[in-house]
1. Of all beta bridges DSSP finds with both residues in the chain, what is the antiparallel percent, to the nearest 5?
2. Using Cα atoms only, what is the angle between the long axis of helix 35-48 and the major principal axis of the chain, expressed in degrees (0 to 90) to the nearest 10?
3. Can you give me the pair-distance distribution of the chain, C-alpha pairs, 5 Å bins, whole percents?
4. May I ask you to compute the full-extension gain from residue 134 to residue 105, defined as 0.36 nm times their residue separation minus their alpha-carbon distance, rounded to one decimal in nm?
5. Against the longest alpha carbon principal axis of the chain, how many degrees, from 0 to 90 and to the nearest 10, is the axis of helix 2-33 turned?
6. In what order do 84, 57, 121 fall by count of nearby beta-carbon atoms within 10 Å, going from fewest to most?
7. Would you please give the FRET efficiency between residue 121 and residue 18, computed as 1/(1 + (r/R0)^6) with r the Cβ-Cβ distance and R0 = 35 Å, to the nearest 0.05?
8. Label points 7 Å out from Cα along the Cβ direction at residue 50 and residue 67: separation in nm?
């Protein structure tokens, strides 16, 4: 009886930690799938001295040389619903929308900060529809 109680307590402690681990792994999938978009944006900026300019994100991905669909954007994965580049002059960013579990329909932004001939990417989650902070990698908090 005592053994069952101990096993139950250990499971109660381990399961939430495991769920957090799984959710963080799902976030990593989207960040990895966004790498080709990051490289394409950096290459475009290097060649043209500016970011692609269009209010239509599908057009922007085409300007970057990325084959994209209106449903999935630049990429999709098992837990990543859509990746696209939003070319807003104030805050250009790669947006990653997730699916499934605690992060269903939540966003992570990779914001492009232009500096001295290059781009520095900063990761964040919008307050209203972003991925909860506890699931974000340390570089995004």
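1. Here the antiparallel bridges make up roughly 90 percent for the chain.
2. With both axes taken from Cα atoms, the answer is about 20 degrees.
3. Calculated P(r), rounded to whole percents: 2, 10, 18, 20, 16, 11, 7, 4, 3, 3, 2, 2, 1, 0, 0.
4. That works out to 8.8 nm of additional length.
5. 10
6. By the 10 Å Cβ count, ascending, the order reads 121, 57, 84.
7. The formula returns an efficiency of 0.75 here.
8. The answer from the label model is 3.0 nm.
All of the numbers you see were taken from the coordinates with simple rules; none came from a lab. No experiment lies behind these values; they were computed from the predicted model shown. Positions of Cβ are backbone-derived with ideal geometry, glycine not excepted, and every protein chain shown enters the neighbour counts.
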